[in-house]
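Engineer: Following this message is one structure expressed as structure tokens.
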Amino acid sequence: MEHTVNESGIRGNLRSIFRCLSLLILLSSVAAQANSIQVAVASNFLVPLKEIAAAFQSAHQIEVRISPGATGRHYAQIVNGAPFDVFLAADQARPQRLVDEGLAVAESLYTYAQGRLVLWVSPGELLPEDGLAGLDPAAVRRFGIANPRTAPYGKAAQQALAFAGLEQALVDRLVYAENVTQVLQYLATGNITHALVAASHTFMEGKPAGEWRLIPANWHDPIRQDAVLLKRASDNDAALEFLAFIKEDQAKEILARYGYGVVE
């Protein structure tokens, strides 16, 4: 009988230890989540975001986990339950759509940056003084833009080509990438000779060789990039602090260094 009691006591102690360990794991998981946020960001904004995130982490001791990609793809992932807290899009339409669909907090929605386009040509290719306006279609072998259906910079690029009267002339030489950063990768590897990419890429370290010219802003719709807090993070103070930090002077200085305009 004494042997049975001891075994029962051991089993009871093990159950207690297991419950304590489970509680500790749960509490540590909650604490980790409270000290980190998951940010979905348009690929064109990845480099400045890394700098902004580093400054934020230094000031607040909150880890910023970054998931870059095409805005359209991020939107689809969020609709399907992706665990993001903050969405930094490359347009205004998708964040607003998430608000309308009850997946984002309306009061948090604001424009954090305004982008520009540049025509970029690889080394050895002629870049006209007046940029896209003076481009001879016959001199183009392959022209890269982001997918207009999913990438706002791709839509703006398509509009700029149409404005310059080049869209139809280049239709058989257009190469579509998933996002604007991938367009730049195609340029760096020699898969394309000409590209329309975000002006912010001209400020990057390790950028591809070649020359570029700024596209007039009135050749395409404004590239206003909106930020929004997702509903799943509506009570996440860390996410709210991060969205507020992007509006502060330190973040605005980083934005300006990468060629972004700030919409007050």
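Each value in this text was obtained by applying a stated rule to the coordinates, not by laboratory testing. Model, not experiment: these values are computed from the prediction. We place every Cβ from the backbone using ideal geometry, glycine too, and count neighbours over all the protein chains shown.
Engineer: Can you give the helix-only mean residue ellipticity at 222 nm for the chain, where every DSSP H stretch with n ≥ 4 adds -39500 (n - 2.57) and the sum goes over all residues, rounded to the nearest 500 deg cm²/dmol?
Structural biologist: Only helices count here, giving -12500 deg cm²/dmol.
Engineer: Let me ask something additional. So what is the relative contact order of the range 115-219, in percent, for Cα pairs below 8 Å that sit 6 or more residues apart?
Structural biologist: 46 percent
Engineer: Follow-up question, since we're still on this one. How high is the relative contact order of the chain? Use alpha-carbon pairs under 8 Å, at least six apart in sequence, and give a whole percent.
Structural biologist: Contact order relative to length: 27 percent.
Engineer: Shifting gears a bit: Please provide three numbers in whole Å: the alpha-carbon extents of the chain along the principal axes, with the largest listed first.
Structural biologist: 97, 39, 34
Engineer: Binning at 10 angstrom from zero up to the longest distance, how are the C-alpha pair distances of the range 141-229 distributed in percent?
Structural biologist: The distribution over the range 141-229 is 17, 52, 28, 4, 0, given as percents.
Engineer: Most exposed first by the Cβ proxy, i.e. fewest other Cβ within 10 Å, how do His201, His60 rank?
Structural biologist: Least to most surrounded, the residues fall as His60, His201.
Engineer: Among 177-183, 212-218, 44-50, how do they line up by average Cβ neighbours within 10 Å per residue, starting with the highest?
Structural biologist: 177-183, 44-50, 212-218
Engineer: Would you list Tyr258, Tyr110 from fewest to most Cβ contacts within 10 Å?
Structural biologist: Taking fewest neighbouring Cβ atoms as first place, the list is Tyr110, Tyr258.
Engineer: Once the Cα gyration tensor of the range 77-153 is found, what semi-axes does its equivalent ellipsoid get, as square roots of 5 times the eigenvalues, in whole Å, sorted largest first?
Structural biologist: Over the Cα atoms of the range 77-153, the ellipsoid semi-axes are 37, 14, 10 Å.
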